[in-house]
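Derivation of every value follows stated rules applied to the coordinates shown; laboratory data play no part. Note that the structure is a prediction, hence the values are computed from the model and not measured. Here the Cβ positions follow ideal geometry from the backbone for every residue, glycine too, while neighbour counts run over all protein chains shown.
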Amino acid sequence: MKKLILLFLMILLALVVAFAMGWLSPADRSAEEAEAAAERLHPVGPSFDADSAYAFVGAQCAFGPRAMNTSAHDRCGDWIARKFSEYGCEVSSQHARLRGYDGTMLNSRNIIARYRPAATTRILLCAHWDTRPWADNDPDSTHWRKPIDGANDGASGVAVMLEIARQLHLSGGLTIGVDFVCLDAEDWGTPQWANSQDSEDTWALGAQYFAAHLPAGYEARYGILLDMVGGQGARFYREGFSMQFAPEIVKKVWRAARAAGFGSYFPKADGGMITDDHVPLNRIANIPTIDLIAFYPDCTQSSFGPTWHTLDDNLEHIDRHTLKAVGQTVIQTLFTEK
Ligand code: AHN
Ligand code: ZN
């Protein structure tokens, strides 16, 4: 009897050890190994130049706030279009008059820059280029009706796209096509000081227009939205609508971040659900699109960070390292695509 109990205990111990070492499920084990291999450091593609991207943020801010219906906005739009053509893209524009939350008609321009327009496999990159007309989240209420520089909220996403376009032009090594779409009228959503109730469709007006008026025959495998990708201390959590509409793209990009060496910027944890330009792309255009958007779980001023919709959203608060982490991750994603 004693021998039997001892034998039983030994078998039990062997089983526990086998489970602990992961010997019992070869299928699980090889899936884990494949995942680990996909995340091992193996950078591909050209090196994203963060100083160049930073200069692109500065160049946009130098026009002044790019709020809708201002000349700084229009002049910056011309500059953005010219830069993308310099980098070999075929550039077109979608002009529209869009209705703001209070009935104001906004002169909107989506700028579409196509890299390798003949390629059939295409990835959509997008960011808004307009800036918020009101610092309505500023701690000082005397600033609430003043326009912001939008170094992070506006300029950073376009700057990262311009630097990627410049690197594609220099390296010439990418065989798939990329569409850089600079969306307008994102940030005219109902201000916090308005009497009217905020409705989510007052945001992302240019993206709503683009999604409903895609260029004839337009197709993209998937999309990546870049929003507030230059802030100090920024981290990119898995955004809710992205997980709902395009979870496999989230996985792919988070993997690419690890392979490129920037995994620490992309926690494997969930952020909030953000009404942003990717929502109409998913819902109206049916292009699975994720949002790379900074999320600050511990910031009391805003979960978008301490400078969000404040006068502090300026060049001084841009961190080149954040631009680099996002830019290199997107390059890694593009050059990993088959
Ligand atoms: C809302 O606050 C509803 N959405 C944030 C989208 C946004 C504003 N991105 C930049 N500015
Ligand atoms: Zn904003």
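Here are a few things to note about the model shown:
- Considering only the range 94-204, percent of DSSP beta bridges that pair antiparallel, nearest 5: 60
- Packing, taken as the mean count of other beta carbons within 10 Å per residue, orders the peptides 253-261, 300-308 from highest to lowest as 253-261, 300-308.
- Relative contact order (percent, whole number), the range 101-228, Cα cutoff 8 Å, 6+ residue spacing: 39
- Here, the range 144-198 is characterised by an Rg to Rh ratio of 1.18, where Rg is the alpha-carbon radius of gyration and Rh the Kirkwood radius.
- Cα-based convex hull volume of the range 104-157 per residue, rounded to whole Å³: 111
- Kirkwood radius for the chain, taken over all pairs of different Cα atoms as the inverse mean of 1/r, rounds to 21.0 Å.
- Over all distinct Cα-Cα pairs of the range 159-314, the Kirkwood formula returns a hydrodynamic radius of 16.9 Å.
- Taking only the C-alpha atoms of the range 31-105, Rg followed by Dmax gives 19.7, 56 Å.
- Label zone at K251, where the point sits 7 Å out along the Cα-to-Cβ direction: the range 30-57 residues whose backbone N lies under 17 Å: 30-40
- Stretchable slack from R320 to A38, in nm (0.36 nm times residue separation minus alpha-carbon distance): 98.9 nm
- The value for the range 85-206 of Rg(Cα) / (2.2 N^0.38 Å) is 1.24.
- DSSP-defined beta bridges in the chain - what % are antiparallel, rounded to 5: 50
- A compact globular protein would have a Cα radius of gyration near 2.2 N^0.38 Å; the ratio found for the range 281-338 is 1.46.
- Across the cross-link table entries K252/K324; K146/K252; K268/K324; K268/K338, which are compared at the Cα atoms, the separations over 29 Å belong to K146/K252.
- Among A234, A185, H278 - extreme Cα towards positive end, dipole of the range 181-307, charges at beta-carbon: A234
- Once the Cα-Cα distance is subtracted from the 0.36 nm per residue extended length, the H213 to Q301 segment shows a gain of 28.0 nm.
- The three principal axes of the C-alpha atoms in the range 207-262 carry coordinate ranges of 38, 23, 21 Å, sorted with the longest axis first.
- Maximal additional length on extending the A269-K338 stretch stands at 22.1 nm, based on 0.36 nm per residue less the C-alpha distance.
- Spin-label zone in the range 303-324 - amide nitrogen under 18 Å from a point set 7 Å from the Cα of A62 along the C-beta vector: 314-318
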